[in-house]
There are 2 protein chains.
Amino acid sequence: MTLPTSASPDANPTDAGLAAAAAARRAAPDAPFLVAAAGGTPSRRPVWMMRQAGRSLPEYRELRAGVEMLDSCFRPDLLSEITLQPVRRHDADAAILFSDIVVPLKAAGVAVDIVPGRGPVLEHPVRTPADIAALPTVEPGQLESVVEGIGGVLDELRDDQVLIGFAGAPFTLASYLIEGGPSKNHGITKSLMYSEPQTWHALMERLTPTVITFLRTQLEAGIDALQLFDSWAGFLSLKDYREFVAPYSQRIFDAVRPYGVPMIHFGVNTAELLGEMAAVGPDIIGVDWKTPLDVAAARVTADLRDRGLRVPRAIQGNLDPAVLLAGPEVIAGHVRRICAEGDAAIAAGNATGHIFNLGHGVLPETDPDAITRAFAEVHAL
Amino acid sequence: MTLPTSASPDANPTDAGLAAAAAARRAAPDAPFLVAAAGGTPSRRPVWMMRQAGRSLPEYRELRAGVEMLDSCFRPDLLSEITLQPVRRHDADAAILFSDIVVPLKAAGVAVDIVPGRGPVLEHPVRTPADIAALPTVEPGQLESVVEGIGGVLDELRDDQVLIGFAGAPFTLASYLIEGGPSKNHGITKSLMYSEPQTWHALMERLTPTVITFLRTQLEAGIDALQLFDSWAGFLSLKDYREFVAPYSQRIFDAVRPYGVPMIHFGVNTAELLGEMAAVGPDIIGVDWKTPLDVAAARVTADLRDRGLRVPRAIQGNLDPAVLLAGPEVIAGHVRRICAEGDAAIAAGNATGHIFNLGHGVLPETDPDAITRAFAEVHAL
């Protein structure tokens, strides 16, 4: 186990940090995920699914029996095993690190728990400059169990399978902190953003290093790719996203780009934000189930080229998770449509690769066999 | 009190029904709402807010003390008073009929209750052809208390204020019926839609007459305008919306168009659906807070003109309800921006009128004075 060495998150990564990441990372030049992400021709279309690790699998529910959600994110043996379960069962091209949006906050010492059926709940909401000043920033040493869990995953993955690291973006973290838990409308969050922009920016400044440290720690433990989730960004207008969110997400992508792994950015209800979320720096843009991939890629490409910006190489998505609750023929039909839309995006020159995924997370009530079949369908096309 | 006469909801309205509506409706030629909806120049920019009647007002909470939500929708005195409270307090240009999506189902005899903090909960979810066959269709006679309540509102409204009638669209009704209550992802609904399209269409066929009867009953009681809410349509892709939802919404607009009142259509998260929701037949398209009004109007107009379809005349929206939780200066700034975007849509020839509204409903924690000030700001511009 190598402990991360980059302790100053807002600076460039240290040479030692980059060297540690390079040493920890496995050589996987033919992994379909990496080939597709790099704009090459993969041996098969890569597929993974958000929330593939977790609630839909009986072996997960068995393993979690009697273990609190957040405890399982900090127990290396459970973390590895839960991350690997869907990869084994479904022949996935990527494992997604089993974690939660609030893991880096919990690691830093924030009093947060995940209440079953509700989500992350904070003991004290963070709403004032004093609250923000008291908010701890995570230190690499507080993430040792995650590092160890990543090592366990990498030991078992095949060379053609990758491990995708995971972090929630600062806006989504901020919303949990301000609301004190999940929110239907993010009213307190937005009201703070509007009425006390300085307080808002101070909170985002405070959270950004935590996200960077969380991702760098994973990178220096050997992850092959990463996804920055901005689950709730789709609650914002483009104007507000630009002013209050984009600069921080951009700083995070800038801070981890030197590690050279493919970086994914994703949120739901982002039809109006796709261009801006692509502009903050990811290599791969994830699309929810509501915008067809070819439409999304065309929109993003037109927007970014107009602005003289680099266009993400690959698109990721975008099966409606509810489709997996329908029968095999329905699923197969949607899989074919989405692959055709991915191919159309590539043929039009608006993407160089397609990574198959859902347009949101696996629903808990999904039959695992339906997931396995969907993976096989993608691979057969 | 006039009871409605149109009993066969899928046919054209009867002459007697149209005559009853015309007789019940007040003459309000100079009402800013109606002038803006007709493409004229109103004496001031009309404004109302979704959920203006209800939880934000202390006089509402007082009136509702000890009265179940659905009971209050069926008590004419309460219905009138609750509908009128925000009009008096805020000098609104329109009253919105106090009601709930499930009111016509409840009136028809469906066992449904509104559970505080949760929403409408069905005693028996509707998921099979037998469930659908057993689902009653509302009869005008079951809506007498709503008719009486409307009469009470019309008696008190000024001539320059209008009463907007209200119905939930069949997709949103279907989701409550299938899920058995509010749902985060509408998974059971979509899975039924995908795996048993015949069952889905049978349910939509069953619900459409209920929505039509509910609206015609309100029309024949004298409402001046109507809004068809498709709260959850934004969970669907454009393709699915077209196939599974649009035909029924279109039939509803067709069935009530002969009454000649302005018809509004609205949903949230509809960035990808705006054109299609405009295409089903409303005169006014409501926009959530995430798409600027000028952008929305341009998109809708381009889409519908390409297809040789009639373009809605006016746009309605679209202040983020969370803005009302911020301070007066923030609110004033957003109001000015939205009015400017509405004016830009008109100047570009993509709309002939702007009706100011929120981009979703008033949040319960909103200070009523902030709402009053926002109305005044709109009127002052």
Value of Rg to Rh for the protein assembly as shown (Rh from inverse mean 1/r over Cα pairs, i.e. Kirkwood): 0.98
Neighbour cut-off at most 15 other Cβ (10 Å), DSSP loop, trypsin sites (Lys or Arg not before Pro), the range A:277-381: A:ARG307, A:ARG310
Charge context of B:LEU325, other residues only, Cβ under 15 angstrom, K/R +1, D/E -1: -2
Built amide H within the under 5 Å cut-off of A:LEU319, gap 5+: A:ASN357, A:LEU358, A:GLY359
Label geometry 7 Å along the beta-carbon vector: B:GLN250 inter-copy distances in nm: 4.4
Residue-averaged beta-carbon neighbours from other chains (10 angstrom radius) around B:191-197: 6
Cα gyration tensor shape of chain B, rounded if a/c is under 1.5, else prolate or oblate by comparing a/b with b/c: rounded
Under the Karplus curve 6.51 cos²θ - 1.76 cosθ + 1.60, θ = phi - 60°, whole-Hz ³J(HN,Hα) for the range B:84-100, x wherever Gly or Pro sits: 7, 3, x, 5, 5, 5, 9, 6, 6, 7, 8, 9, 10, 3, 5, 7, 9
Other-chain or far-sequence residues with amide H under 5 Å of B:ARG26's (modelled H): none
Separation in nanometres of the label points that stand 7 Å from Cα toward Cβ, at A:ASN12 and A:ARG44: 4.1 nm
Heavy atoms of A:GLU62 accessible to a 1.4 Å probe, total area in Å² rounded to 10: 150 Å²
Hypothetical label at B:ARG75: residues of the range B:86-108 whose amide nitrogen lies under 17 Å (7 Å Cα-Cβ projection): B:98-100
Where trypsin sites (Lys or Arg not before Pro) fall in DSSP loop in the range A:98-184, at most 16 other Cβ within 10 Å: A:ARG118, A:ARG158, A:LYS184
Taking the range B:39-176 and dividing mean pair separation by its residue count, relative contact order in percent (alpha carbons under 8 Å, at least six apart): 30 percent
For the range A:54-69, Karplus couplings with θ = phi - 60° (6.51, -1.76, 1.60), whole Hz, Gly/Pro x: x, 4, 7, 9, x, 5, 6, 4, 5, 5, 7, 3, x, 10, 5, 3
Area accessible to solvent at B:ASP71, 1.4 Å probe radius, in Å²: 80 Å²
Peptide B:234-244, shielding by other chains (average Cβ, 10 Å cutoff): 3
Cβ neighbours within 10 Å from other chains - mean over A:289-301: 2
Value of relative contact order over chain B, rounded to a whole percent, pairs C-alpha under 8 Å and six or more apart: 22 percent
J(HN,Hα) series, the range A:253-260, from Karplus relation 6.51 cos²θ - 1.76 cosθ + 1.60, nearest Hz, glycine and proline x: 4, 4, 6, 10, 4, x, 6, x
Entries in A:LYS106/B:LYS290; A:LYS190/A:LYS239; A:LYS184/B:LYS290; A:LYS190/B:LYS290 that, when Cα-Cα distance is taken, lie over 22 Å: A:LYS106/B:LYS290
Exposure of A:HIS124 as accessible area (Å², to 10), given a probe of 1.4 Å and all protein chains: 120 Å²
Shortest-first distances to equivalent copies, position A:ALA19, nm, label 7 Å out along Cβ: 9.5
A:ASP93, B:ASP160, ranked by accessible area, largest first (probe 1.4 Å): B:ASP160, A:ASP93
Kirkwood Rh, Cα atoms: Rg over Rh of the range A:325-381: 1.01
Spatial separation of Cα centroids for the range B:223-246 and the range A:180-219, in angstrom: 33 Å
Convex hull volume of the range B:1-143 per residue (C-alpha atoms, cubic angstrom): 162 Å³
Distances in nm from B:ALA380 to the matching label points in the other copies, shortest first (labels 7 Å along Cα to Cβ): 6.7
Closest Cβ on chain A to the rotation axis that carries it onto B (distance rounded to whole Å): A:ALA271, 2
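The values are calculated or read from the model by the stated rules, or taken from the named source; none is laboratory data. Here the structure is a predicted model, which means the values were calculated and not measured. Neighbour counts run over all protein chains shown; Cβ positions are idealised from the backbone, glycine included. All accessible areas refer to the heavy atoms of the entire protein, side chains included, with ligands and DNA or RNA removed. Shrake-Rupley method; radii C 1.70, N 1.55, O 1.52, S 1.80 Å.
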